[in-house]
Every structure is written in structure tokens, then in C-alpha cells.
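The values are calculated or read from the model by the stated rules, or taken from the named source; none is laboratory data. In this text, all values refer to a predicted model and were calculated from it rather than measured experimentally. Here Cβ is always computed from backbone atoms with ideal geometry, including for glycine, and neighbour counts include all displayed protein chains. Side chains are part of the model used for accessible areas, which takes the heavy atoms of the whole protein and leaves out ligands, DNA and RNA. Shrake-Rupley method; radii C 1.70, N 1.55, O 1.52, S 1.80 Å.
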Amino acid sequence: MTMTADRMITTVRRDIPASDIGFCHSHEHLFIKKGQPELLDPSLVLDDYEMTKAEVETFKELGGRTIVDAQPVGSGRDAALLLRLSEETDIHILSSTGFHKLGFYPDGHWIHHTSEEKLRDLYIDEIENGLFADGEDAWPEDRIGARAGLIKTAADFEGTAGPYFRLFRAAAAASLETGVSIMSHTELGHNALDQISLYTDLGVPEDRLIICHLDRKMENADYMLHVAGTGVYIELDTIGRYKYHSDEEEVRLIRMLIDHGHEDRILLGLDTTRKRMKSYGGDIGLDYLQGSFLPLLRQSGVTEEQIHKMMHANPAKAFSK
């Protein structure tokens, strides 16, 4: 897919030309409500508007322009705060419809029993008509003006099988109807090829797919090359996550992808949590890519043109339609 002047990206405030995306973090979580996510891990909760705003203002001061928020409807997404934040900071924010891992939803949540067709229609509705500010406790009803610019999907270790199959089919149908890309969570990189195979079998083009978190494990290196070879985008965000590996090892993974000809398919983010936002008392902050990690890439020999692709040109293609 080539960049053309008429490609557009849907942000929570308005559609923008793809060329206006600027410096982009391709996978973050700016707000997550209390509730089921907190039961999974208290550090997932990001519910202080001023703290998140302080992070985004720092990101902006260093040249940041766009942030992709990867929390989908009904799983703790705070669409109203995303819109307010974008309006007050003048940062482009892409919001996600779709679904998360089933652990993000309590027993009895509508995600567990809603038909494929009704889910497809919900995702299309959020893309075309506006996001819902609710949906955690009952079927979403409280609509705001902002629209979704991305379909988020996710699976745990069982991949696309079992209860996830219906959800993946609904997301594929919504993507085909709207032209919006799909960003899909993998659990430590597992079952990425199964996700790609299912989506492409259902007609979703490879360049509409963004596969996340393959860089969690260093031993995924050869697998990452195989996944990148399918033509999908690979979103990498195990940066400043030392429980997995060092930043120097992450640099080597990225260099490997570049050296094998995949620099046009790499996206970067930080996959932020409360533990990773400095304003919440965390370790790194939204300025970590600009201030710490990208300098490491430069020192390793990654060129400015290659960094521009990962932070500007590739997101402009991946998130536009």
C-alpha cells in the first residue's frame, strides 16, 4: 500500500490527512477505568485525568503529535476523557473499538453471548457514528461525538479458537465494511500466524493488520521475521520493560528486522500502564521513546530515515484508509 494524498485517519476529534499524523506512538493506554481491569492487575488502571494529561503534554513538548489508544469498547475505555484530552492538548488520538482478552470482562458481560452479527454492527457503528462512553456494565448506550479509528482485537494463549472465533469474525467483517485497520494483541507472540491466517482467509488484506507484542520474548526473533514476511505491520513495545529483556536486546531485534528488509512494517509504542507512567509514579513515561530509546537506535546505526519510517511514515500508512 502506498501513501496517497487522499488517505485519511480518523481521530477522536476529526478525520485528518494521513500526512498530518506526525510523530506517532502506535500502541498506548491513556485511560482505563476501574472495574474488571483492576481485578486483573491494579497497575492497569489509569483514571486520573490530570496525570495522564501531564504525560501527554511532555510527549507533545518533545515533538509528539499522535497517540493510538488500544483500549476497546466495554473493557474500561474512557472515550469521553480521550476526547477531552485531545481537545485540550491538541494531540491527535486514535481510539479503538473491538474487543480485548476475555479476562477484561466479568462473567455475564455482553461480550460473552452477543452474536457475531450484533458485534460487527457495534464496531461499525462506533467507526461510522460515534464511540460509546459506557458498556462495562450493560450494552453500550451513552454515545459521544468522537469516532473510532481502529479495531482492536486480542487473544490469550488459546489463540483464535473457542470463544474467540466469533469475536475475530465480527472484527474482520467490520474491517471489510469500513476499511479500518485491525490491531491485534498476541500473548507473548503466541498464535500470531493463526490470527493472520484467519483474517486473510476472511478477506482482510495483510496491510490492514497490525500484530502486537512479538518482541516480548527474545526467542521470538526468527518467528518475528516469518510474521513480518507475511506483509502485516509488527508493533513493538517491549521497551523499558526490563523484566522481559534490556533495551539493548530490543535494539538488536529491531536491527534484525531492518537488516532483513522489514523497515516499512515496524511500528513502535510503549503499551503504557500505571507502572510505566511517570506522572502516576511509574518508571519511564511517555517521553521514553524520544528521550532514551530512539537515541539507542541511532547509536546502533539505525538511520534518521528509518526512524522516521517507524515513527511517522509507517503509522501514516497502517492507520489510514
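From the list R77, R147, the one residue that fits, being open to solvent by 40 Å² or more (accessible area, probe 1.4 Å), in contact with a strand residue (DSSP E or B) (Cβ under 9 Å, 6 or more places away or on another chain) and touching a residue at least 40 places away in the same chain (Cβ under 8 Å), is R147. In the stretch 103-137, of all residues being small (G, A, S) and in contact with a helix residue (DSSP H, G or I) (Cβ under 7 Å, 6 or more places away or on another chain), the one that is least open to solvent (accessible area, probe 1.4 Å) corresponds to A133.
For the stretch 45-74, the tally of residues that are within 15 Å of G103 (Cα to Cα) and crowded, with 23+ Cβ neighbours inside 10 Å stands at 4. Each residue in the stretch 180-206 was checked for being farther than 15 Å from T160 by Cβ and either small (G, A, S) or modelled with pLDDT under 95 (or both), and 3 of them qualify. Taken together, L267, L289 contain a single residue that is at pLDDT 95 or above, closer than 23 Å to A172 by Cα and within 17 Å of the chain's Cα centre (by Cα), which is L267.
Within the set G130, G76, the sole residue that is over 15 Å from P37 (Cα atoms) and touching a Lys or Arg at 6+ places or on another chain (Cβ under 6 Å) turns out to be G130. Would you call E141 open to solvent by 10 Å² or more (accessible area, probe 1.4 Å), more than 28 Å from L236 (Cβ to Cβ), at pLDDT 95 or above and in contact with a Lys or Arg (Cβ under 7 Å, 6 or more places away or on another chain)? So E141 does not fit the description; no.
Screening the candidates G291, G282 for the property of being over 18 Å from N314 (Cα atoms) and open to solvent by less than 20 Å² (accessible area, probe 1.4 Å) yields one hit, G282. Scanning the stretch 267-321 for residues that are farther than 18 Å from H213 by Cα, out of contact with any Ser or Thr (no Cβ under 7 Å at 6 or more places or on another chain), of a type in the set (A, V, I, L, M) and in a helix (DSSP H, G or I) returns L294, L296, L297, I307, A313. Taking the stated definitions as given, is L30 at pLDDT 95 or above and closer than 26 Å to F293 by Cα? When the stated conditions are applied, L30 passes them.
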